[in-house]
Amino acid sequence: MSYLNTGILALAAYLAAYLASCQTPLSHWLGVQIDLRPALLVYCGLRTEWATLALVSVLGGLWFDALSANRLGISILPLFVIAFLVHLNRGLILREQQYAQFVLGIAASAAAPVLTILLMVGVGQVPLIGWGSIWQWLIMALVGGALTPALFWVLERFCRAFTYPAVSESSFRPDREIKRGRV
């Protein structure tokens, strides 16, 4: 992964934090703020190395907390835990399958708010939770899962557009001559 791809992912984290804080017609209609940060961290967990994964979770968490009523830095740990677990198991995950991306997106989008609420309660903050929160949590998980394959497609296109493909090199040189037979 190049520095340009890391920059693209940091920019995507900024845009995801901004979109999660602004009122869109879809969020107004559903009554739920759409959060793409868990889906972005599923992508980072499957496609990037540790440094990029940590950078995107820290920046995405800080930018979101700066625009919300959360304590600054409270949503960094849930995002990092999600990306960490996906990264640890990425050898077992069918990362090219849209169904797997959808399921991981649902799981991440459902886990991020729950972990954030647990951290908020742990530090003594009182989150606003009611019966409507269950509806919001379910819709956030479903929309996050549905948008995860689309996010994978967009980010793959950006990364392919700005970087060169990896060249697979053979261990045999083309100008090498192999002599067979007895001498």
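The values are calculated or read from the model by the stated rules, or taken from the named source; none is laboratory data. Given the structure is predicted, the values throughout are model-derived calculations rather than measurements. Because the Cβ atoms are built from the backbone with ideal geometry, glycine has one as well, and the counts that use them run over all protein chains shown.
Is it the case that some residue within the range 132-139 is of a type in the set (Val, Ile, Thr) and either modelled with pLDDT of 95 or more or part of a helix (DSSP H, G or I) (or both)? Before the answer, list the steps.
Residues of the range 132-139 of a type in the set (Val, Ile, Thr): 134, 139.
Retained after the next criterion (residues that are either modelled with pLDDT of 95 or more or part of a helix (DSSP H, G or I) (or both)): 134, 139.
Yes, the range 132-139 contains a residue that is of a type in the set (Val, Ile, Thr) and either modelled with pLDDT of 95 or more or part of a helix (DSSP H, G or I) (or both).
Confirm whether Phe80 is aromatic (Phe, Trp, Tyr), modelled with pLDDT under 95 and under 19 Å from Ala110 (Cα atoms). Criteria not met by Phe80.
Here Ile76 passes the criteria (1) buried (at least 18 other Cβ atoms within 10 Å of the Cβ); (2) closer than 19 Å to Gly145 by Cα; (3) β-branched (Val, Ile, Thr) except the one numbered (2).
Quick one: how many residues across the range 1-33 are aromatic (Phe, Trp, Tyr) and surrounded by 12 or more Cβ atoms within 10 Å (Cβ to Cβ)? Lay out the reasoning, then the answer.
Filtering the range 1-33 for residues aromatic (Phe, Trp, Tyr) gives 3, 14, 18, 29.
From what's left, surrounded by 12 or more Cβ atoms within 10 Å (Cβ to Cβ): 14, 18.
Number of matching residues: 2.
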